[in-house]
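So the structure is just underneath, and the comments pick up after that.
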Amino acid sequence: MRPTPLHAPSDLAAGATIGVEEIATARPSLLKRLPSSGVAMTGLGIILFWVIVALIAPLLPLPSPTAQDYLAIAHPAPGLHHLLGVDPLGRDTLSRLVWGARVVLVVAPLSVLVAYIVGATMGLLAGFYPGFVDAVISRTSDVILAFPVVVLYVVLIAAVGASALNIVVAVVLASAPAVSRIVRGLAMQLARQDFVAAAHLRRETALFIMAIEILPNCRGPLITDFCLRLGYTVITIGTLGFLGLGIPPPSPDWGGMVQQATPMLTVFPEMALFPVIALVSLVLGFNLLADGLNELSRAD
Amino acid sequence: MPGFLVRRSLTLLLTLVAASFLVFSITEFSPSNVARETLGAYALPEQVHLLYEKLQLGDPLLVRYVRWAGVLLGLRKDPLDNPALGLNIHDPKGPRYLGNFGYSTLFRVPVNQIIWNRLGNTAVLAGIAFAIIVPLSMLLGILAGMRPGSFLDRALSVASITMTSMPEYAIGVILAAIFAVWLKVLPGTSPLVGGTGWPLPSQFVLPVAVLVLYDSGYVARMVRASMIDVLNRPFVRTAILKGLPRRRVILRHALRNAMIAPFTVILLQINWLIGGVVVTETVFAYPGFGRMLLQASLFGDIALIEAATLIALVIAMATQLLSDIGYWLLDPQART
Amino acid sequence: MPTDSPGAMEGGARSGQAAARPTLLEIRHLRVEYHTIRGRMVALPDLSLTLAEGESFGLVGESGCGKSTLAMAIMRHLGPSGIIAGGEILFAGQDIARAREAELERIRGRRISIVYQEPASALNPAMTIGRQLIEVPMLHQGMPRREARRRAAEVLAEVHIPDPETFLECYPHQLSGGQKQRVVIAMALLADPALLLLDEPTTGLDVTVEAAVLDLIDEIRHRRGTALLYISHNLGVIARVADRVGVMYAGELVEDAPATSLFAKPRHPYTRGLMQAIPRMGSNKHDIALASIPGSVPAAGAVPRGCVFAPRCPLVLPGRCDTEPIPPVDAGPMHHVKCLRWQESAHPAPPRQPRPAVLAADGEIAIEAGKLSRFYHLRSGVVRANDGLDLVARRGEVLAVVGESGSGKSTFARVLAGLEPASEGTLLYAGADIASKPVHRRSARQVAEIQMVFQNPEGTLNPSFSAGWPIARALKKLGRGRSREIDSRVRSLLGLVRLPESVRHSLPRQLSGGQKQRVAIARAFAGRPEILIADEPTSALDVSVQAAVVNLLLEIQAERGTTMVFISHDLGLVRYIADHVVVMYLGRVMEVGPTAALYAPPFHPYTEALLSAVPSPDPTAASRRIRLEGELPSRIHPPKGCRFATRCPRKLGAICETEPPPVRDAGGGHLIFCHIPLPGLSAAEPVGSEAPRAQSTSAGAGQS
């Protein structure tokens, strides 16, 4: 995710302008009104396409994504046997794309979800307990947010080794502080609202106030950010794969596919282009959904 | 210099120390690893053990960090720069000086001999990109923000959402496929050496294009959002209802206020570009700082990783401070 | 819409005194629509209005009635979605509705200027005041920079800005709210316009600041002969500034008349409703209940056929009022009203039930604050928001705490409720000191028994949960009902605040502001409180809704014998509602006493100034003008002696600045903290509408 500027509201970095009023009017029916946004529906359509592809991957009449067709290596271009051709090791590109969707659609949502759980908890605590707790959490976040994010990923993954789990850990480490910063800002505003004071006046516990009174009202801005972050995490996973730090082979990984195909670019450019198109379409899906949701929440 | 900037500098310095400790912990968390990486892949377990002892790698992390910082600040000798270890590590500037980042096991030279040259190359690349990104995206953003819903605004919105959906390497691969493979008008790699048949300036075109395409859309969207926001503020209405012509309302009243928020965003792009160059340089085999960092990470060149990350952090901190100062200058409310 | 209305409307306007002056602005059949993605909304269906040169026309109505749309239509600045769909706006013979952009630029700021609410956002935060001011004469009069600057300084002096030269170099954020509004007014006056539009220019300002701004507007008008179109929801303000008044409702001008005639004989049921909804100075809850108007202003687009007020009107004739638009009729000289039954509505409303004094005046103390203090430690110093408060609330009474912003009244409310701990002092409730005990350290009983209703209806309910949820939750957490009973208890609480049961499942955004406040009251009463703190519960509501909420609060309070601590800045309302009043200024108590005693001499000089600043909805009432000089002192470095010393019109001398004032006991629990001895304080004349034509001499002149 982009670095969040200190003075600009954090949501500005997410491409949105969110005011207190919008937090207050965040509608539970946002998802119900989704069909009215063409942009959001387009995004959702693309995402659903990939989700379905990933789900039915085992049912599709495709060769194994790791099976090497040595005969095809000499003629890797798309053809009847391999609709989208094969990679330099003779593995079917279409099959690798389909199975690669499974990988990315598990790793990306999982990492963002965990990042959200960690980040939202940090942000709620920081926003609800100004002073020492806030200072500790915010300063810690600042340290991580100070890193150029790709640098952090590269150094981290290189140190701990590339694996799906380590990628999840790295995404959580890099994203949770950013999520925390957004939630903290929202929580601070909400904690000053009178309905929170009213909750204090009926002896609700701090946990109840944070989880029930405050958190649900953050959902408007957070849903948008969640989608954006999903898209960005797909990019990150691809980037790590491209840099040779991704999910280790022979697992099909879109970024890794681009990396392996790049040396062949001058001869067989489509070998690199297919995984690029797959990746860009999925990210575009998340970004369009985020954009549409943002428009909807602002139309109130 | 107002007090808040002093406080801010101190905070940033503390953050830097903490961040450098984090980097140190990540790279040197496992001490036996440190010894093994230093010696290379073919070292015998006895050698590793010996180095482990000599470097006192069994000490707690914090102690080792302080020692490492001591070397960097020129307070201690680099323990590796010792003929007795038989590592053949020797720094011509001597074992103890301020800014001693240690010895690169990948390039077999002191870190300082390689890192500044690479940083210079990257500065050229990022500098050109930045010089294009800022005016381009500001212009587009302002024009789009002045008339939301216009053709330009919609075009910008579509272009920017598409470009931000594309990782740098995707843009790189697509551009290379079009311009280097298909049209054959530009080189597909940028090693910055002669003899490739391509003049040096042409080698910059694609890497710069990747950075510009990836970044401009985002910055332009920020500027646009801020412009729309400011144009809806009551003081702009005041200016219009004073009878000021539209041009004057925008130039005198809206622009400066509209620049306050994106200003920090734009400066933080420098930070973002540091990450972007890692990928872009790798795509085009550009001999820059980012690619060097990646190589060091893949190789396990601990001293070079630490040095490069620290420098990246310092640049990031400096931009933050710069953005604070700029904010202070732009926004009179911050000055009191 | 009526086709002959302008004749009727203007026919009257041309007769009488206005005939002496030529017409400056004539609006004929103006229709304004907003075209949005959700469809077309008619904001002003058909509005006609004339304004003579130098005349002051006041436009009054509740929020959402189209007052501001009218002002912006006159400026032809309706935003991208606003469209003038019909009619003419003739200004000095030129039709603004059809003027070209270049012509508009010559009118705006030059011939017509506007001042609107929230001066803070009306000024460019990144430009000095000077640069923003000199633009006007440089643009419109072609003045060179230096001359424009001199002119700007002159006008700043005219709006009573001390030291204009220094002021020109300031940025807006360095000024107080009142100063900003003066700057905006100065900016509007720079090109000497013929017409000044004022859209709620004092809303949001403190009453003493408001009074000074109103004085200024008066002064300018008489000096320059500028015509005014003054928009406000506040009848008192309108009575103070307007020659002629128009009452707007749902986009229509339902009544217009000379101010004296309108306030003396309001003809339209809506006008009458508005007037009866605000407590008159001198009335109190024991004499009369406030009249509220049922329902709320229709949303644009949902305006009823026929009379727009018909659904809320007590005199509505089904089949007559709700079929055809009502044409305006003459109800007196220059007095027009859009009502079929205006003659009937002229009769007094049926007498309302006086509220019996059920107050158990047994003198039993419910809460007692002793040297209660609350400090905030900021980087720049310590703010003593509450500094040694001594006060007492007796069981079953309404204790009002009044003061302007920065007085610390809301801080006191929060400390009392336990939302913040006190820094020093004691707060005795039922034999226990709860001063330093925030809610989580109070016992369940203490929390349940001290409940609060908040100011802002928008923030009082959690937008994610239905209205019934917080009530049920309060019952459960405060142990006021077994889980089986909760359901029925929620229903009975909703009934208590006169809300239909269906509201229970509504989300807050589906409720109006008044309904939200009712839910908040129900929630507060779920704990069966002994003490109810009401922190400006009606200040964000329209007057007609305010009346209903006040009536409701008083009713429940009296019925249950609850002690109510009522925080307010509205002195008229406080006089109506309170049994005892505490006047606060800068964290300290200035005066405390029974309501009747407090609103009559002897006065604390601050109370006196506050009372004289309240605009009375009676244009014939002459009020003495005591105006406070200077700005509210820094809350971090308040004056050492009497907190009010720096602005006191009756300051005795050095003693006020150095020595904390002694208490002057006027008897019956009426205490005044002032260096002036009691006889001196008693020498003040009464202020407010009861003042029988008092002379506008400062009562303090002879004292100092």
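Structural remarks
- In terms of its alpha-carbon gyration tensor, chain C comes out oblate; a/c meets the 1.5 threshold, while b/c is at least as large as a/b.
- Chain B contacts chain C over a buried accessible area of about 2300 Å², both sides summed; the probe is 1.4 Å and only protein chains count.
- Relative contact order %, chain A, counting alpha carbon pairs below 8 Å whose residues are six or more apart: 28 percent
- In this label model, B:A155 and B:A285 are separated by 3.7 nm, measuring between points 7 Å along each Cα→Cβ vector.
- Here chain A has an Rg and Dmax of 21.7, 76 Å, counting Cα atoms alone.
- Loop-located trypsin sites (Lys or Arg not before Pro) in the range A:145-232, at most 13 other Cβ atoms within 10 Å (DSSP): A:R192
- Rounded to whole Hz, the Karplus (6.51, -1.76, 1.60) HN-Hα couplings of the range C:375-387, x for glycine and proline: 10, 10, 9, 9, 4, 8, x, 9, 8, 8, 5, 10, 10
- Heavy-atom surface analysis with a 1.4 Å probe gives the protein assembly as shown a carbon and sulfur content of 60 percent of its accessible area.
- Projected label distance in nm at A:F49 and C:A264, using a 7 Å step from Cα toward the beta-carbon: 7.9 nm
- Under-5 Å amide H pairs with C:I533, H placed in peptide plane, nonlocal only: C:Q451, C:M452, C:V453, C:V565
- Kyte-Doolittle at least 0.5, axis length at least 30 Å by Cα - qualifying DSSP helices, chain B: B:3-28, B:111-146, B:200-231, B:255-283, B:302-330
- Loop-resident sites, the range B:1-38, for chymotrypsin sites (Phe, Trp or Tyr not before Pro), counting at most 13 other Cβ within 10 Å (DSSP): B:F29
- Shown are A:W50, B:W68, whose ranking by accessible area with a 1.4 Å probe and every protein chain present, most to least, is B:W68, A:W50.
- In nm, spacing of pseudo-spin labels at C:T203 and C:E364 (7 Å Cα→C-beta vector): 4.4 nm
- Cα-based convex hull, the protein assembly as shown, per residue volume (Å³, whole number): 222 Å³
- B:Y65, B:Y42, C:Y576, reordered so the largest accessible area comes first (probe 1.4 Å): B:Y42, B:Y65, C:Y576
- Lysines whose Cα lies under 27 Å from that of C:K180, excluding same-chain neighbours fewer than 8 positions away: B:K242, C:K67, C:K409
- Accessible surface for A:F49 stands near 120 Å², nearest 10, in the context of the full protein assembly shown (1.4 Å probe).
- Nearest-0.05 FRET efficiency for A:M41 and B:A43, computed from C-beta distance (R0 41 Å): 0.10
- If a spin label sat at a point 7 angstrom from the Cα of C:S121 along the line to its beta carbon, no backbone N atom of the range B:129-149 would be nearer than 15 Å.
- Partners for C:K651 among lysines (Cα-Cα distance below 22 Å; same-chain residues under 8 apart left out): C:K640
- Paramagnetic label reach from A:T266 (point 7 Å along Cα→Cβ; backbone nitrogen cut-off under 18 Å): within the range B:145-186, residues B:173-186.
- The range A:256-300 residues near the modelled A:V114 label - backbone nitrogen below 19 Å, point 7 Å along Cα→Cβ: none
- Distant-in-sequence amide H partners of C:V115 (H built 1.01 Å from N, under 5 Å): C:L197, C:L198, C:D199
- Kirkwood Rh and Cα Rg combined as Rg/Rh, the range A:214-295: 1.14
- Loop-resident trypsin sites (Lys or Arg not before Pro) (DSSP state other than H, G, I, E or B) in the range C:262-306 with no more than 15 further Cβ atoms inside 10 Å of their Cβ: C:R305.
- For C:K476, the lysines whose Cα falls under 28 Å of its own Cα, not counting residues fewer than eight places away in the same chain, are C:K437, C:K516.
- Net charge over other residues, Cβ less than 12 angstrom from the Cβ of B:N121 (K, R count +1; D, E count -1): +1
- Potential lengthening between B:V185 and B:T162 on full extension [0.36 nm per residue; Cα-Cα distance subtracted]: 5.8 nm
- Computed on the range B:177-336, the Cα convex hull volume stands at 157 Å³ per residue.
- Relative contact order, percent, the range B:53-146 [alpha-carbon distance under 8 Å, six or more residues apart]: 18 percent
- Mean ellipticity per residue at 222 nm, deg cm²/dmol - from DSSP H runs of n ≥ 4 across the protein assembly as shown, formula -39500 (n - 2.57): -15000 deg cm²/dmol
- Estimated FRET transfer efficiency when R0 is 41 angstrom, pair C:H377-C:R627 (beta carbons, to 0.05): 0.75
- Across chain C, C-alpha contacts under 8 Å between residues 6 or more apart give a mean separation that, scaled by the residue count, equals a relative contact order of 12 percent.
- Förster radius 51 Å - calculated FRET efficiency between C:A432 and C:T620 (Cβ-Cβ, nearest 0.05): 0.45
- Over the range B:42-104 - Rg/Rh using Cα atoms and the Kirkwood inverse-distance radius: 0.98
The values are calculated or read from the model by the stated rules, or taken from the named source; none is laboratory data. Because the structure is predicted, anything quoted here is derived from the model rather than measured. All Cβ positions, even for glycine, are placed from backbone atoms using ideal geometry, and neighbour counts span all protein chains on display. Note: accessible area is taken over every heavy atom of the protein model, side chains too, but ligands, DNA and RNA are not part of it. Shrake-Rupley method; radii C 1.70, N 1.55, O 1.52, S 1.80 Å.
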